[in-house]
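Note sheet for the following structure.
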Amino acid sequence: MKTVASAPGKIVLSGEYAVLFGAPAICMAIQRRAIVTITDGPGAVGSITTPGYVGADAAAIIEAVSTQRRQARNFELDTRAFSLQGSKIGLGSSAALVVALVAALENSTDVFPAALEAHRRFQGGAGSGVDVAAAVHGGLIEYAMKPGHLRSLAWPRELAMRVLWTGVSASTSAKLDKLAATPEQPSRAALGESAEHMAKAWCSGDAGAILDGYASYVNVLRQFSLDHDLGIFDAGHDELTDAANIHNLVYKPAGAGGGDVGVLFGKDPAALDVFVGEHGHLIHDVVACELDLTGVRVDSA
């Protein structure tokens, strides 16, 4: 018997780090999916294959999800959509993989609690679960760690976006460990308040309010990064943020920062493309990341 399931990756648009302190985050699922195929029955020997790049130990992910891994099952964990030129680009591959794996094992898409528990177990208890929520539900969401705080949003009219890769892979877990070991600074509360304002702007659907809100949010995020020595704006994010501001656009690191990807926002898609063309020396690549309205899916069984 063969079961195939898939789940989308994600990009955090606002609320990174602040979501760990109870503030809301805005996150979009993207059309880059982790695909899990499980084969059992005659011929299955308990093998694990990993087409493409897996940003974490595949066996450890399977152990975190299922204590019965050693049954006669063959696992194929395909994360080719989450790499570029052989490098991880920071789009939530481990969460998407866990969600797809739980869905395949349970032959169900109603997997958020189980997937959240499994992903936290894999990460040693760290993380907010926003990436798991995006992988399960799909679309654009507002998410907070309070029980039941998840809302689906429509993409704002007149808001255009480009996803830019720095060319540098970053470790979210390393930054979370550093944050946990650093004394709390006033900018932590300020980031939470700013994340609340950004969530309200996103929920309004007003592109102008969103772009205006980012002016303050990015400054607070920068101060938070400096106060906690997180390097969120390293790997070229700092330069791109300043350059976008000069062009009346918005740029920010997406998620933990320090590499991986950032997002460029504006109302005019052509202006975004001109910016990319003029600042190619700071941009390693433009990453195709369309909004994926479909969450976890069991494709065949």
* To do: Specify which of the listed residues (Gly139, Gly125) is under 19 Å from the mean Cα position of the chain (by Cα) and farther than 27 Å from Ala209 by Cα.
  => Gly125
* To do: Among the residues of the range 242-267, write down those that are surrounded by fewer than 21 Cβ atoms within 10 Å (Cβ to Cβ) and either assigned by TED's automatic domain parsing to the domain that holds Ser87 or touching a strand residue (DSSP E or B) at 6+ places or on another chain (Cβ under 7 Å) (or both).
  => Phe265, Lys267
* Structure fact -> Counting only strands (runs of 3 or more DSSP E) wholly inside the range 192-301, the ones holding at least 3 residues that are closer than 20 Å to Ala134 by Cα and not polar (S, T, N, Q) are 261-266, 297-300
* May I ask you to list pairs of residues, at least six apart or on different chains, whose Cβ atoms are under 9 Å apart, with the first in the range 257-270 being at pLDDT below 95 and the second being part of a loop (DSSP other than H, G, I, E, B) and of a type in the set (D, E, K, R)? => Gly257/Glu16; Gly257/Asp234; Gly258/Asp234; Gly259/Asp234
* Asked: Among the residues of the range 175-212, how many are under 29 Å from His279 (Cα atoms) and at pLDDT below 95?
  -> 1
* Structure fact -> For the range 189-219, the count of residues that are more than 19 Å from Gly231 (Cα to Cα) and among the β-branched types (Val, Ile, Thr) equals 1
* Out of all the residues in the range 146-195, which are more than 21 Å from Arg222 (Cβ to Cβ) and of a type in the set (A, V, I, L, M)? -> Leu150, Leu153, Ala154, Leu159, Ala160
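The values are calculated or read from the model by the stated rules, or taken from the named source; none is laboratory data. Since the model is a prediction, treat every value here as computed from it, not as a measurement. All Cβ positions, even for glycine, are placed from backbone atoms using ideal geometry, and neighbour counts span all protein chains on display.
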